[in-house]
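All remarks here apply to the structure that follows.
The values are calculated or read from the model by the stated rules, or taken from the named source; none is laboratory data. All values derive from a computational prediction rather than experimental measurement. No Cβ is skipped: glycine too gets one built from the backbone with ideal geometry, and neighbour counts run over all protein chains shown.
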Amino acid sequence: MLKRLTITAATLALAACAQEPSPDGPAAETEATESTASRDFRSVMDDHWALSLEESPILAEQLGEESGRGRLSDYSLEGYWEGIEARRALEARLDAIDTSALTDEERLNHRLLSSEIAGDIEASEHPGRYLMFTTYSAPHLSLARVAERARLRRDEDVDSYLDRLDAMPGVMDSVIARLEEGISEGWTQPCEALQGFERTYRTHIVEDPETSVFYQPLVGNTRVSDDDRARAVTTIREGIVPAYERFGTFYEETYTPACRQTAGVGSLPGGDAFYAYRARSYTTTDMTPDEIHEIGLSEVARIRAEMTEVAGQAGFDELSAFQEHLRTSEEYYPKTAEERVSKASTIAKRMDGQMVNLFTVLPRMPYDILPIPLDVAEGTTTAYYSGPAADGTRAGTYWINTTKLESRPLYELEALTLHEAVPGHHHQIALSQELDLPPFRRFGGFTAFTEGWGLYSERLGMEVGFYDTPETNFGRLSYEMWRACRLVVDTGMHSKGWTRQEAIDFMLENTGLSEVNIIREVDRYITWPGQALAYKIGELKIRQLRAKAEEQLGDDFDVRLFHDAVLGHGAVPLSVLEEVIDAWIEEHKAA
């Protein structure tokens, strides 16, 4: 069990030692009230987690819950609204609990669960439910991932997988129905930002079912009978392939003509209110889009000055000349996909050896480094991370894009790898899953914390010997500038009416990213409003809290313990993180 902060545990302990209450006095009544409140709260947490598993059957199965077997997530609008009504009922039960009778830890859990449920309910007040896909995520891609991650170790695993195959056509039809309603409500994505999206479904429209990704988990598996294989072939041929064909026809003939013509959601009915909500939700702050935009401009100016200094160290009088040199010199780009993955692996191993200098607590779960599947690689970002399986049967994965190598410079790879693997996403997410926390906290979280930590982790490389050339340091700064520009272009498009090209031009002018990467990134921001705001806002808060701790603790500041404290409660809203670190500072002052 990992030790975590309890904000006022010492105060409570002193109070408990101060007097011995009579078993029949007022304290006994308080104890009974606390016990009732705690039981009621545990009941709500249990029911909320049961709802989460009902909505995420694959996670449920990984955790050993029989209810998850053979099922897929429900993408229908009926299922969506049932989930919202269930959350309203949970919210009412939470509101009825006397939080003064809970322990400190329970009060924190109550606060976080209330925030999560309230956020889900508030989301339902906006039409974002119709934006079902982005440049690299979509329900039909999630179905393909079910196949790619299937582990058929037991007979019941085979049965569960085949049942899921049977359910896939119905899921696809419910997705189409939800998107159709989105069209009727005037809520669609812009097709300009979804160039190449057709590949994501056409790759699954195959003549031979045995070549389908959905058949591959059965290949070479001795637990799979001939009848099982025949069943899968029939389902793929008569169910799944036609379902993907229906989706393709719908997308090309119905959705595409209805695509919105603007980059931002501000032009859509209720779009401004939706985006303001997204800005609050993803940053876990009350900042407005205008405030975030100004922070972005300020950060862009600061980072640009640092980039100019690094360009001078490399022998260039002009920043633009150094950027052009980096963009166009073949020496900075991998020749093969294998080279890119290999260099990322080397960087990761080097950082693995430095982790003890940054933390005292490390997760047990390892991670892999793999190429992004080709069905999504060309239309998605340069890398991303997926966490370990809940049951420990699959490591975390740092997925790296190995397409269009001429646009993926090696000098950026140190920052990218530290963000996605360690000390970034893998360290934080794998550690969170091993904490002694309620499951809604171990397997959930807040984007501003998670992505803020990822960006902060890039900077940590400076403290353990990375970025030792002007090129790699410029790569780090370029990545930081990339996240600062996100604040500007995301708010610019969705709140200020910027065009897609204006966003691309702003990033071309201010980052060292290749044009291909910039286009992919801008398209991501267009299709995923607000998410890109989380990185820089979260990182700035972590850096602010570290500066406060260093100033107040002086020589007693230990960066390893600070990092342990930041991560010790899982992913939390930034306001909660500030309270945690303030308490940690006071605890260390008193020690």
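Here are some notes:
- Among the residues listed as 165, 131, the single one being farther than 29 Å from residue 233 by Cβ, at pLDDT 95 or above and not β-branched (Val, Ile, Thr): 131
- Filtering the stretch 191-211 to residues that are in contact (Cβ under 8 Å) with a residue 40 or more places away in the chain and either more than 25 Å from residue 173 (Cβ to Cβ) or surrounded by 18 or more Cβ atoms within 10 Å (Cβ to Cβ) (or both) leaves 192, 193, 194, 195, 197, 200, 201, 204.
- Residue within the stretch 456-464 that is in contact (Cβ under 8 Å) with a residue 24 or more places away in the chain, surrounded by fewer than 21 Cβ atoms within 10 Å (Cβ to Cβ) and either at positive phi or in contact with a Cys (Cβ under 6 Å, 6 or more places away or on another chain) (or both) present: no
- The residues in the stretch 108-158 that are aliphatic (A, V, I, L, M), closer than 19 Å to residue 183 by Cα and not in a loop (DSSP other than H, G, I, E, B) can be counted, and the count is 1.
- Only listed residue being crowded, with 19+ Cβ neighbours inside 10 Å, out of contact with any Phe, Trp or Tyr (no Cβ under 9 Å at 6 or more places or on another chain) and over 20 Å from residue 78 (Cβ atoms), chosen from 114, 160: 160
- The residues on offer are 107, 129, and the sole one that is surrounded by 16 or more Cβ atoms within 10 Å (Cβ to Cβ), basic (Lys, Arg) and over 21 Å from the mean Cα position of the chain (by Cα) is 107.
- Test: residue in the stretch 31-41 that is at pLDDT 95 or above and buried (at least 18 other Cβ atoms within 10 Å of the Cβ): yes
- Applying the set (1) more than 21 Å from the chain's Cα centre (by Cα); (2) surrounded by 18 or more Cβ atoms within 10 Å (Cβ to Cβ); (3) within 25 Å of residue 167 (Cβ to Cβ); (4) at pLDDT 95 or above to residue 75 leaves exactly one unmet item: (1).
- Of all residues in the stretch 481-506, those satisfying the criterion of being closer than 17 Å to residue 382 by Cα and crowded, with 23+ Cβ neighbours inside 10 Å are 481, 482, 483, 485, 486.
Here is a yes/no grid of residues against (1) at pLDDT below 95; (2) loosely packed, with under 15 Cβ neighbours inside 10 Å; (3) outside the structural domain of residue 395 (by TED's automatic domain parsing); (4) among the small types (Gly, Ala, Ser):
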position: 328; (1), (2), (3), (4): yes, yes, no, no
position: 334; (1), (2), (3), (4): no, no, no, no
position: 338; (1), (2), (3), (4): no, yes, no, no
position: 346; (1), (2), (3), (4): no, yes, no, no
position: 353; (1), (2), (3), (4): no, yes, no, yes
position: 361; (1), (2), (3), (4): no, no, no, no
position: 365; (1), (2), (3), (4): no, no, no, no
position: 373; (1), (2), (3), (4): yes, no, no, no
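- Those residues of the stretch 383-392 which are part of a loop (DSSP other than H, G, I, E, B) and surrounded by 18 or more Cβ atoms within 10 Å (Cβ to Cβ), in sequence order: 387, 388, 389, 390
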